[in-house]
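Asker: Pasting a structure below so you can have a look.
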Amino acid sequence: MTSQWWELLEQIERHPGLTFVLGAAHSGKSTLAKFLVTRISQRRHVTAYLDGDMGQSTLGPPAALNLALLQYPFEPTREPLENKDALVVARYFIGSNAPGGHFLPLLVGLRKLTQRARQLGAEMVILDSTGFVSGGAARELKFQKIDLLSPQHLVALQHAGELEPILQPLEGRPGMRIHRLPVHPLARPKTLEERQANRSHKYSEYFRGRRLAGFNLQKIRVIGNASPLETYSSSACADLKGLLVGLNDAENFTLGMGILSHLDPRKGKITLWTPLSPLSGVRILRLGALKLDSSWRDHSWRPY
């Protein structure tokens with residue numbers, strides 16, 4: 001924690017609303033976001049933590065955006081974010097561990113979760129975004145996110161001006177304050193293998209209590225695949241085994257996640273491994289773009 005973090009905290013309290021934390025991977029975004037949401041909620045403000053990093057999620061599992069609501073009082077022996085599962089009030093399944101190819105659902109999901117936070121009475125929302133900031137596509141995505149969500153505070157963690165191509169077009173925007181902060185001195189880069197190990201651990205934790213669940217394709221909608229399921233051959237259906245699936249409600253919020261076990265369009269059946277119970281609220285199955293292997297490693301998959 002630095003003096004600049006405490007100064008930022010005071011400014012956010014004076015001008016409440018949405019705080020968008022921006023930075024490259026390994027810049028300390030999540031550490032800062034958790035600091036802010038913990039301290040703000042301890043001051044008796046209803047606060048939402050929007051975990052917008054589906055690759056290295058704080059609230060987990062990966063491949064989804066997660067919204068937690070923190071409200072005083074807390075259990076005296078616990079930090080406010082310690083019991084993460086109990087705090088999560090809404091999820092939005094993206095189906096990928098990276099933004100590429102998923103810009104539209106990512107934008108829609110962030111917008112819907114921000115609105116849900118406000119509907120639930122959050123006075124302040126802290127958004128921890130992905131570390132995807134380099135290159136033209138990343139700059140465009142970040143600009144569109146900020147334009148869509150209109151944060152009151154844009155917090156940029158940067159080493160030496162690497163975020164300026166994103167920040168400069170936003171200078172002078174009414175109602176938005178830009179805060180430039182240095183990367184935390186203890187921030188440490190993680191290898192790709194460390195990032196994969198973190199995701200694998202979170203998948204295994206989430207699916208620990210999984211059971212096999214069947215759905216009737218005549219009663220539930222399946223989205224996210226490029227072709228109608230009826231056109232899938234037996235071999236194509238078999239290739240879907242291990243695919244990550246979002247189990248969504250009628251508003252397309254995610255109630256839980258599953259792993260596809262078997263698909264038979266001719267019999268109108270699909271079976272998934274999922275810890276979700278009960279299943280009565282599930283109305284939509286959204287096929288993802290990742291498959292999980294027996295070691296809980298995720299691998300990219302593209303629909304037919």
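Asker: Do we find that residue 235 is in contact (Cβ under 8 Å) with a residue 60 or more places away in the chain and not in a loop (DSSP other than H, G, I, E, B) in this structure? Spell out the reasoning first.
Answerer: Working: in contact (Cβ under 8 Å) with a residue 60 or more places away in the chain: no; not in a loop (DSSP other than H, G, I, E, B): yes.
It is false that residue 235 is in contact (Cβ under 8 Å) with a residue 60 or more places away in the chain and not in a loop (DSSP other than H, G, I, E, B).
Asker: Given the conditions (1) crowded, with 23+ Cβ neighbours inside 10 Å; (2) of a type outside the set (Asp, Glu); (3) out of contact with any Asp or Glu (no Cβ under 9 Å at 6 or more places or on another chain), which single one is not true for residue 49?
Answerer: Answer for residue 49: the failing condition is (3).
Asker: Which members of region 10-34 meet the condition of being assigned to a helix (DSSP H, G or I) and either of a type outside the set (A, V, I, L, M, F, W, C) or surrounded by fewer than 18 Cβ atoms within 10 Å (Cβ to Cβ) (or both)?
Answerer: Within region 10-34, the subset assigned to a helix (DSSP H, G or I) is 10-14, 29-34.
Hits for region 10-34 are 10, 11, 13, 14, 29, 30, 31, 34.
Asker: Consider region 211-231. How many of its residues are within 12 Å of residue 279 (Cα to Cα) and not in a strand (DSSP E or B)?
Answerer: The total comes to 1.
Asker: Answer with yes or no whether residue 170 is surrounded by 11 or more Cβ atoms within 10 Å (Cβ to Cβ), more than 29 Å from residue 255 (Cα to Cα) and touching an Asp or Glu at 6+ places or on another chain (Cβ under 9 Å). Explain how you work it out, then say what you get.
Answerer: On the way: surrounded by 11 or more Cβ atoms within 10 Å (Cβ to Cβ): yes; more than 29 Å from residue 255 (Cα to Cα): yes; touching an Asp or Glu at 6+ places or on another chain (Cβ under 9 Å): yes.
Judged against the criteria, residue 170 is a match.
Asker: Scan region 248-291 for residues that are in contact (Cβ under 8 Å) with a residue 40 or more places away in the chain and touching a helix residue (DSSP H, G or I) at 6+ places or on another chain (Cβ under 6 Å) and jot them down.
Answerer: Selection gives 265 alone.
Asker: Take region 173-208 and flag every residue that is within 25 Å of residue 114 (Cβ to Cβ) and surrounded by 13 or more Cβ atoms within 10 Å (Cβ to Cβ).
Answerer: 173, 176, 177, 178, 179, 180, 181, 199, 202, 206
Asker: Another question, then. Consider residue 85 against the criteria (1) modelled with pLDDT of 95 or more; (2) loosely packed, with under 15 Cβ neighbours inside 10 Å; (3) among the acidic types (Asp, Glu): it satisfies all of them except one. Which criterion is unmet?
Answerer: (1)
Asker: Out of curiosity, is residue 200 in a helix (DSSP H, G or I) and either touching a His at 6+ places or on another chain (Cβ under 9 Å) or among the polar types (S, T, N, Q) (or both)? Before the answer, list the steps.
Answerer: Values: in a helix (DSSP H, G or I): yes; either touching a His at 6+ places or on another chain (Cβ under 9 Å) or among the polar types (S, T, N, Q) (or both): yes.
Yes: the conditions hold for residue 200.
Asker: Applying the selection to region 101-133, what residues are out of contact with any Leu (no Cβ under 9 Å at 6 or more places or on another chain), loosely packed, with under 14 Cβ neighbours inside 10 Å and in a loop (DSSP other than H, G, I, E, B)?
Answerer: Selection gives 101 alone.
Asker: Restricting attention to region 154-180, which residues are in a loop (DSSP other than H, G, I, E, B) and either within 14 Å of residue 24 (Cβ to Cβ) or touching a residue at least 60 places away in the same chain (Cβ under 8 Å) (or both)? Explain how you work it out, then say what you get.
Answerer: From region 154-180, those in a loop (DSSP other than H, G, I, E, B) are 159-163, 171-176; that's our starting set.
Result: 159, 160, 161, 162, 163.
Asker: Return yes or no: is residue 103 aromatic (Phe, Trp, Tyr), under 20 Å from residue 62 (Cα atoms), in contact with a Gly (Cβ under 6 Å, 6 or more places away or on another chain) and in contact (Cβ under 8 Å) with a residue 12 or more places away in the chain?
Answerer: Numbers: aromatic (Phe, Trp, Tyr): yes; under 20 Å from residue 62 (Cα atoms): yes; in contact with a Gly (Cβ under 6 Å, 6 or more places away or on another chain): no; in contact (Cβ under 8 Å) with a residue 12 or more places away in the chain: yes.
It is false that residue 103 is aromatic (Phe, Trp, Tyr), under 20 Å from residue 62 (Cα atoms), in contact with a Gly (Cβ under 6 Å, 6 or more places away or on another chain) and in contact (Cβ under 8 Å) with a residue 12 or more places away in the chain.
Asker: Any residue at all in region 17-26 that's of a type outside the set (A, V, I, L, M, F, W, C) and modelled with pLDDT under 90?
Answerer: Let us first name the residues in region 17-26 that are of a type outside the set (A, V, I, L, M, F, W, C), namely 17, 19, 23, 26.
Add one more test, that the residue is modelled with pLDDT under 90, and what stays is 26.
Scanning region 17-26, I find at least one residue that is of a type outside the set (A, V, I, L, M, F, W, C) and modelled with pLDDT under 90, so the answer is yes.
Asker: Can you report the number of residues in region 217-254 which are surrounded by 12 or more Cβ atoms within 10 Å (Cβ to Cβ) and farther than 17 Å from residue 108 by Cβ?
Answerer: Residues in region 217-254 being surrounded by 12 or more Cβ atoms within 10 Å (Cβ to Cβ) and farther than 17 Å from residue 108 by Cβ: 16 in total.
The values are calculated or read from the model by the stated rules, or taken from the named source; none is laboratory data. Values in this document were obtained by computation on a predicted structure and should not be read as measured data. Positions of Cβ are generated from backbone atoms using ideal geometry, with glycine treated the same way; all protein chains shown enter the neighbour counts.
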